[in-house]
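**Student:** Supplied in structure tokens, the structure appears directly below.
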Amino acid sequence: MKELLRMLKPARQHWRWMAGGIGLGVAVIAANAALMAISGWFIASMAVAGVTQASFNYFFASASIRALAILRALGRYGERLVTHEAAFHILASLRVWLFKRLIPLAPAGLESYAGGDLAGRLRADVDSLENLYLRIIAPLFTGGFTILLAGLFVLVWSGSAALVLVGLLLLAGLLLPLLARHLAAQPGKRSTELAGALRTTVTEGLQGAEELLLLGATDKQAQAVEALSSGLVQQQVRLGQISSLTLAGVTTCGALAMAGLALVCIPLVQSGQLAGPNLVMLLLFSAASFEAVGPLAHSLQLIPATSEAIRRIRELADAPIPLPEPLQPQLPESCRIVLDQVSCSYGEGQAVLKQFSLVINPGEQVAVVGPSGSGKSTLIELLLRLRPYQGSISIGGCELRDISPDQLSRLVAAVPQQPHLFNSTIRENILLGRDVTDEQLRAVLADSGLEQWIAGLPQGLETPVGETGSAVSGGEARRIALARALVNNAPILLLDEPTEGLDGAIEQSVVQHLKDRLQGTTVLVVTHRPACLALAQRVVRIDKTV
């Protein structure tokens, strides 16, 4: 439970919504119990008045019943509205919190996770935290407050009756749910693990469908999915059986509470210490108060699965940052880049770069060439603070480790080998919220080779690129990323295969435009295409590390 509450810390600014939902939940249950109690008392009192010919003012009781019925209906609507609004606010805050934790980890800190597993943690596990407030925290607090109020209400008429009711409410709302939680711990945790494994297997199967078809491994993949799916269904059936047995126990406790109150209160009626209509009122109040403890069993049963989802998320969020943000950031004085005896490896594997040194003076354009796997793209990632390294990398006399990511983003722009496009328009993917004039934007489009292509599109710059750029070709996506980097107008530009996927004529045009535009800009271009070498004043070769 402590871990569940700890997970709510990123959403603590929404405590008013959470408290409001719990308060409305208590009010709804109290209104329903009071409605049942007054209805029973009213019917019994009317019967007694009819037998004894005594006068009876039924206006107050009937007005109270109508008022409580209206209050219950409005309260139920308000409770659903507020609790779901709170759940959405919590999920939104948790997603932002997790995204902020993951930004410093990418890519080096996330490479140990399979793509499907990572996607499952970011989507399904976070989505499952909707249960955290809506089906765990809120019902538990609502049930606890309601048990206390129910005991105090019955205590007004009989201490023994209050003791019986509270005892059975605690049995139904605490002991049975704790037993259910104990029984559900293993299948709940196992179901979350299987669901994550199933998502990973299905995602990887879809991503590698072509390879599976070529290798004839589709049947094996299908069998793996079927085995995981069957295991997940088996665990869910066990959880359903536990939930059904617990619900039956709660219903039994409700019946025992009515019987217990009758046994305790009938002697009081016979002795004249308790009016007959009040007995009926207490019995119906007792039955209605069990509405509060009904969800508690399911709430505690959800804790193991939710705790496992939280563990998976915290494991991801608490991963060590490959290159932590400096406590006392330094501000570079120039754009001079110096790499001195730099080495880098992926995880525990072989070094990709080994004791590599390079000096790029301010305003100099340098091209880096070499065979595939020699570390050319890794060099770009190192200069973007995306990977840990040994040795020294400095910009303007400041060690890269001592430059904050915000400062670096103002100093360096980059076009990665696999640029990411957002599911938005071409304009929004280029600008990313920056304010530029129409003249500046036209210049960027011309220099990145996009002007003619965009002019031929019916929607122009407002053309959607699709999810992850699915509506554009690889060459078009790369030119959009190039335009994005040029709009940044940073003093240092890093280019990783900027003309990959372009035909010869467009490539020559883009290279010529860039050559004119980048005069005076410090440029590092990684390429294997001869045309791009025209961008460089100097060419450096990296040999593959043995």
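**Student:** Calculate what fraction, in whole %, of the accessible area of the chain sits on carbon and sulfur atoms when a 1.4 Å probe is rolled over the protein chains.
**Tutor:** Working: 16280 of 27200 Å².
Here carbon and sulfur together make up 60 percent of the probe-accessible area.
**Student:** What figure, in Å² to the nearest 10, do you get for the accessible area of Asp340 with a 1.4 Å probe and non-protein molecules left out?
**Tutor:** Accessible area, nearest 10 Å²: 80 Å².
**Student:** Taking the C-alpha atoms of the chain, how large are the radius of gyration and the largest Cα-Cα span, Dmax, in Å?
**Tutor:** Cα only, the chain: 33.7, 112 Å (Rg, Dmax).
**Student:** Return the tail of the calculated pair distribution for the range 472-543, meaning the percent of Cα-Cα pairs more than 21 Å apart.
**Tutor:** Numbers: 506 of 2556 pairs.
That tail contains 20 percent of the Cα-Cα pairs.
**Student:** Ok, one more. Using a 10 Å cut-off on Cβ atoms, rank the peptides 325-331, 174-180 from the highest mean neighbour count down. Could you put the intermediate results ahead of the total?
**Tutor:** On the way: 325-331: 12.3, 174-180: 19.1.
So the peptides 325-331, 174-180, ranked by packing, come out 174-180, 325-331.
**Student:** Hey, how many Å between the Cα centroid of the range 216-249 and the Cα centroid of the range 434-485?
**Tutor:** 47 Å
**Student:** Would you list Lys220, Lys515 from the most to the least accessible area, probe 1.4 Å?
**Tutor:** Values: Lys220 155, Lys515 90 Å².
Output order, biggest surface exposure first: Lys220, Lys515.
**Student:** Relative to the Cα centre, what is the charge dipole magnitude of the range 30-103, using +1 at the beta carbon of each Lys and Arg, -1 at the beta carbon of each Asp and Glu, and rounding to the nearest 20 debye? All intermediate terms of the calculation are to be shown ahead of the outcome.
**Tutor:** Working: 7 positive and 2 negative charges, 88 e Å.
So the magnitude is around 420 debye.
**Student:** I would also like to ask the following. Calculate one ³J(HN,Hα) per residue across the range 381-389 by plugging θ = phi - 60° into the Karplus curve 6.51 cos²θ - 1.76 cosθ + 1.60, and present them in order as whole Hz with x for glycine and proline.
**Tutor:** Listing the rounded values in order: 5, 5, 5, 9, 6, 9, 9, x, 8 Hz.
**Student:** Let me cross-check Lys376: its accessible surface, 1.4 Å probe, with only protein heavy atoms counted, in Å² to the nearest 10?
**Tutor:** The value for Lys376 is about 20 Å².
**Student:** Tell me which residues come under 5 Å, amide H to amide H, from Ile542 once H is placed; ignore anything under 5 positions away on its chain.
**Tutor:** The list, which skips near neighbours in sequence, is Val369, Gly370.
**Student:** Would you mind listing how long the range 414-491 runs along its three principal axes, going by Cα atoms, in whole Å with the largest first?
**Tutor:** The Cα atoms of the range 414-491 stretch 30, 27, 21 Å along their principal axes.
**Student:** Same structure again: Given contacts defined as C-alpha pairs under 8 Å and at least six residues apart, what's the relative contact order of the range 177-314, whole-number percent?
**Tutor:** Working: 105 pairs, mean separation 64.7, N = 138.
RCO, the range 177-314: 47 percent.
**Student:** Next up: Long-range amide H contacts for Cys398: which residues qualify at under 5 Å (H placed 1.01 Å from N, peptide plane, sequence gap of 5 or more or a different chain)?
**Tutor:** Glu333
**Student:** Using the alpha carbon gyration tensor of the range 70-206, what are the three equivalent-ellipsoid semi-axes (square root of 5 times each eigenvalue), largest first, in whole Å?
**Tutor:** For the range 70-206, the ellipsoid semi-axes come out as 41, 20, 12 Å.
**Student:** Right, here's the next one. Magnitude of the Cβ-charge dipole of the chain, K/R +1 and D/E -1, about the Cα centre, nearest 20 debye?
**Tutor:** Values: 43 positive and 43 negative charges, 331 e Å.
Once rounded to the nearest 20, the dipole reads 1580 debye.
**Student:** Per-residue ellipticity at 222 nm for the chain, helices alone: DSSP H runs ≥ 4 residues times -39500 (n - 2.57), over residue total, nearest 500 deg cm²/dmol? Don't skip to the end; give the middle numbers.
**Tutor:** Details: 18 runs with 320 residues, N = 546.
The helix contribution divided over the chain gives -20000 deg cm²/dmol.
**Student:** Could you give me the ³J(HN,Hα) list for the range 432-444, computed from phi with Karplus coefficients 6.51, -1.76, 1.60 and θ = phi - 60°, whole Hz, x at Gly and Pro?
**Tutor:** Once rounded to whole Hz, the list reads 6, x, 6, 9, 9, 7, 4, 5, 5, 5, 5, 5, 5.
**Student:** Next question, about the same structure. So what is the relative contact order of the range 360-467, in percent, for Cα pairs below 8 Å that sit 6 or more residues apart?
**Tutor:** Numbers: 53 pairs, mean separation 25.2, N = 108.
Here the relative contact order equals 23 percent.
**Student:** Compute the relative contact order of the chain as a whole-number percentage, counting only Cα pairs closer than 8 Å that sit 6 or more residues apart in sequence. If you can, show how the numbers build up before the last one.
**Tutor:** Numbers: 813 pairs, mean separation 87.6, N = 546.
About 16 percent, as a whole number.
**Student:** If you wrap the range 254-296's Cα atoms in a convex hull and average its projection over all directions, what's the area in nm²? Walk me through the intermediate numbers first.
**Tutor:** On the way: hull surface 11.4 nm².
For the range 254-296, averaging the hull's shadow over all directions gives 2.8 nm².
**Student:** Amide H neighbours of Tyr346 under 5 Å, counting only residues 5+ apart in sequence or on other chains, H built in-plane at 1.01 Å?
**Tutor:** Here Val352 satisfy the definition.
**Student:** Using a 1.4 angstrom probe, figure out how much accessible area the chain has per residue, in square angstrom, rounded to the nearest whole.
**Tutor:** On the way: 27200 Å² over 546 residues.
For the chain, the per-residue accessible area is 50 Å².
**Student:** Shifting gears a bit: If I ignore ligands, DNA and RNA and count only protein heavy atoms, how much of Leu431 is accessible to a 1.4 Å probe, in Å² to the nearest 10?
**Tutor:** Surface open to solvent at Leu431 totals about 30 Å².
**Student:** With θ set to phi - 60°, apply the Karplus curve 6.51 cos²θ - 1.76 cosθ + 1.60 along the range 535-543 and write out the HN-Hα couplings as whole Hz, x wherever there is a Gly or Pro.
**Tutor:** Residue by residue, the range 535-543 yields 6, 9, 8, 8, 10, 10, 9, 10, 8 Hz.
**Student:** Can you tell me which of 411-420, 192-201, 93-102, 292-301 comes out highest on packing, and rank the rest after it, using the mean Cβ neighbours within 10 Å?
**Tutor:** Values: 411-420: 18.6, 192-201: 20.3, 93-102: 16.0, 292-301: 23.8.
The peptides rank, most packed first, as 292-301, 192-201, 411-420, 93-102.
**Student:** Could the peptides 223-233, 504-514, 479-489 be put in order, highest first, of the mean number of other beta-carbon atoms found within 10 Å of their residues?
**Tutor:** 479-489, 504-514, 223-233
The values are calculated or read from the model by the stated rules, or taken from the named source; none is laboratory data. All values reported here derive from a predicted model rather than from experimental measurement. Cβ atoms come from the backbone with ideal geometry, glycine included; neighbour counts cover every protein chain shown. For accessibility, only protein heavy atoms count, side chains too; no ligands or nucleic acids. Shrake-Rupley method; radii C 1.70, N 1.55, O 1.52, S 1.80 Å.
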